[in-house]
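Novice: Structure provided below as structure tokens; questions to follow.
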Amino acid sequence: METRASKEAGQEEGPAEQTPETERSNTMTRSIGPVPGLVLFSMLGVLIRIYTTRLFAYKDAPTYALIWPQILGCLIMGALTRSRHILSPSLYTGLTTGLCGSITTFSSWQLLVYTQFFNTDKGEHSKFNNFLGGVSVLVTTMACALGALRAGFGA
């Protein structure tokens, strides 16, 4: 409790009161938090996915090119998850959600699965072959992604 003498002596009353402008500024700073890192790492992740896919997309390739970005992103995700305690929360969010999430894009994978199941490329094969193609993309991608994630944990 403050006395009149302490006020007259010019001593501070304690924590400064928050004005509406200060509260609004603090709320905005807290809400922006990881967004800039998330945006930058997401753009980097898209570039990595595009160029990794292009690197492995060639005539008579032994497997579909999209599997390699999936493996790479899951490998990085495993390593980041293991070392989570040494990263700041904003950096961790940017790297895992932004970078790895953009490298291992779900939409491109699902588009590939769709094209296999429904033969949108108009290849000359039966509906049963379409089914096998779709299942093989699902199974091989999941197996390779989970294997890479596990390998990343162990790195």
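Novice: So between Tyr58 and Leu91, what do we pick up on full extension, going 0.36 nm a residue minus the alpha carbon distance? List each step's numbers first, then the result.
Specialist: Details: separation 33, 0.36 × 33 = 11.88 nm, distance 3.51 nm.
8.4 nm is the gain from fully extending Tyr58 to Leu91.
Novice: Also: More than 23 Å apart: what percent of Cα pairs in region 36-155 qualify?
Specialist: Roughly 35 percent, once rounded to a whole number.
Novice: Would you mind working out the magnitude of the charge dipole of region 43-155 relative to its Cα centre, with +1 at each Lys and Arg C-beta and -1 at each Asp and Glu C-beta, to the nearest 20 Debye?
Specialist: Details: 8 positive and 3 negative charges, 45 e Å.
Charge dipole of region 43-155: 220 debye, to the nearest 20.
Novice: Taking 41 Å as R0, compute the FRET efficiency from the Cβ-Cβ separation of Phe128 and Arg84 and round it to 0.05. Please report the intermediate quantities before stating the final value.
Specialist: On the way: r = 45 Å, r/R0 = 1.09.
E(calc), rounded to 0.05, equals 0.40.
Rule-based calculations on the coordinates, nothing more; no lab input. Just so it is clear, the model here is predicted, and its values are computed rather than measured. Cβ: placed from backbone, ideal geometry, glycine included. Neighbour counts: every protein chain shown.
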